[in-house]
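The values are calculated or read from the model by the stated rules, or taken from the named source; none is laboratory data. None of the values given here were measured: they were computed from a predicted structure. Using ideal geometry, Cβ is built from the backbone for each residue, glycine included, and neighbour counts are taken over all protein chains shown.
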Amino acid sequence: MTDFPDIPTTGALFGLDLGTKTIGIAVADGTQMIASPLETIFRKKFKGDAAKLITMCEVNKVVGIVLGLPMNMDGSEGPRCQATRAFARNMAELTDIPITFWDERLSTAAVERTLIAADASRARRAQVVDKMAAAYILQGFLDSRR
């Protein structure tokens with residue numbers, strides 16, 4: 001499912017859950033064992049969002065980005081996939097950090113169920129769901145490589 005260069009097997013990685021209003025960000029350290037939720041940024045314009053992400057990548061010494069690809073349940077790609085792929089193409093023009101995709105079907109739903117089971121309030125779920133979905137996406141990618 002990757003259109004971009006391979007992601008290094010050591011070094012910090014970012015996982016991104018790209019929404020229309022927010023970008024959930026997760027990080028895996030250099031061992032690439034565990035993904036941890038990092039931050040949710042509110043989207044404004046691409047250039048500003050990209051600049052913030054690139055700065056965050058530099059601060060965290062990120063060597064690769066795993067971008068959740070919101071495929072349809074039947075495996076086809078719809079408008080959200082096209083927007084995600086466009087975001088990746090535009091980011092790739094601004095940075096040499098390799099970007100790959102990971103099927104994110106049901107990631108937000110899985111995180112929501114976990115938060116509900118943990119008795120998190122609706123307000124708390126809204127605060128953390130995007131960055132936790134990014135961690136879920138990144139962890140799936142990490143697990144697939146073992």
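Being among the basic types (Lys, Arg) and in contact (Cβ under 8 Å) with a residue 40 or more places away in the chain: is that true of Arg89 here?
No, not satisfied.
For the stretch 23-37, name all the residues that are surrounded by fewer than 19 Cβ atoms within 10 Å (Cβ to Cβ) and outside any loop (DSSP other than H, G, I, E, B).
If the condition is that a residue be surrounded by fewer than 19 Cβ atoms within 10 Å (Cβ to Cβ) and outside any loop (DSSP other than H, G, I, E, B), then Ser36 is the only one that fits.
Going through the stretch 31-59 one residue at a time, which ones are touching a residue at least 40 places away in the same chain (Cβ under 8 Å) and among the charged types (D, E, K, R)?
Glu39
Glu77 - would you say it is part of a loop (DSSP other than H, G, I, E, B) and either under 19 Å from Glu104 (Cβ atoms) or at pLDDT 95 or above (or both)?
Judged against the criteria, Glu77 is a match.
Quick grid of which residues meet (1) among the β-branched types (Val, Ile, Thr); (2) at positive phi; (3) over 16 Å from the mean Cα position of the chain (by Cα):
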| residue | (1), (2), (3) |
| --- | --- |
| Leu53 | no, no, no |
| Val59 | yes, no, yes |
| Pro70 | no, no, no |
| Thr100 | yes, no, no |
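Starting from the stretch 9-30, take each residue that is more than 15 Å from Leu53 (Cα to Cα) and among the β-branched types (Val, Ile, Thr) and list its partners that are in a loop (DSSP other than H, G, I, E, B) and modelled with pLDDT under 95, counting only C-beta distances under 6 angstrom and pairs at least six apart or across chains.
So the pair list comes out as Thr10/Gly30.
Per-residue answers, yes or no, for (1) in contact with a helix residue (DSSP H, G or I) (Cβ under 9 Å, 6 or more places away or on another chain); (2) not β-branched (Val, Ile, Thr):
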site: Phe14; (1), (2): yes, yes
site: Thr20; (1), (2): yes, no
site: Glu39; (1), (2): yes, yes
site: Gly48; (1), (2): no, yes
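Table: residues versus (1) modelled with pLDDT of 95 or more; (2) outside any strand (DSSP E or B).
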position	(1), (2)
Ile65	yes, no
Met73	no, yes
Ala88	yes, yes
Leu115	no, yes
